[in-house]
Amino acid sequence: MCDKDLNKEPEDGLKNLLIDDESGELQELLEEKEALEKELVALKEQYDTLYKEAARIKADFYNYKRRAESNLKRQKDMIVAEVISNLLPIIDNFERALDCDVDRESNFYRGIYMIYQDLLNVMAKFGVTPIKALDEPFDPAFHEAIAVEAVANDDRDGKVVKEVLKGYALNGETIRPAKVIVGRLNEEEVGNDE
């Protein structure tokens, strides 16, 4: 066999063999090859379709799982917020009781104070924190203004000068705004100082 025969295209060689093939076996093999190639192309297309569908299903499942976790957390926060909202008046009453003129060294006072602290600790475990109000700039997201009080000092203008009722937040979201009195610069006193 010479080098020229090796460089010939295989198809040309097959065509020459076909002419010599009287039994038709080679023709059958070529037809079978074509059928297998078509089947391979169809299987590749089917594979690509199934792969894309599996990737879409995987993404859908991931999104479903993320949504379900988010919904579960939101429901938990709503339940905690509702329970805490019902406990806030009790905490307010504890604070009023602790503000009374009583002997702060008495066992009764210390017992009430311990119960109050335990209740605050339980709330903190659930992510409930008091909203800082006094001397803070008035923020309607955290404060509810119930009155305005005249102030002579310019740096107290627009700030909370008194906290009437403590506000609380759950994981940074307000569940009860602080009821506050806001300072407003008294223009008459400022004018008299000049």
Item checked: Matching residues in region 167-194 - criterion: being at pLDDT 95 or above and either open to solvent by 60 Å² or more (accessible area, probe 1.4 Å) or assigned to a helix (DSSP H, G or I) (or both) -> Lys179
Next item on the list: Being over 26 Å from Lys73 (Cα atoms) and open to solvent by 30 Å² or more (accessible area, probe 1.4 Å) narrows it down to one of Asp103, Asp92, Asp118, so name that one.
Entry: Asp103
Item checked: Given (1) farther than 22 Å from Ile79 by Cα; (2) in contact with a strand residue (DSSP E or B) (Cβ under 6 Å, 6 or more places away or on another chain), index of the condition Tyr168 fails -> (1)
Margin query: Filter region 118-172 down to the residues that are polar (S, T, N, Q) and in contact (Cβ under 8 Å) with a residue 60 or more places away in the chain and list them by number.
Written below: Asn171
Item checked: Failed item, numbered, when Gly13 is tested on (1) touching an Asp or Glu at 6+ places or on another chain (Cβ under 9 Å); (2) modelled with pLDDT of 85 or more -> (2)
Check: Which residue pairs have Cβ atoms under 9 Å apart, sit 6 or more places apart or on different chains, and have a first residue in region 50-79 that is within 26 Å of Lys125 (Cβ to Cβ) and a second that is open to solvent by 100 Å² or more (accessible area, probe 1.4 Å)?
Finding: Asp77/Glu173
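The values are calculated or read from the model by the stated rules, or taken from the named source; none is laboratory data. Everything numeric here is computed off the predicted structure, so don't read it as measured data. Here the Cβ is made from the backbone with ideal geometry for all residues, glycine too, and neighbour counts use every protein chain on show. The protein model used for the area step is the full one, side chains on, heavy atoms only, and it has no ligands, DNA or RNA in it. Shrake-Rupley method; radii C 1.70, N 1.55, O 1.52, S 1.80 Å.
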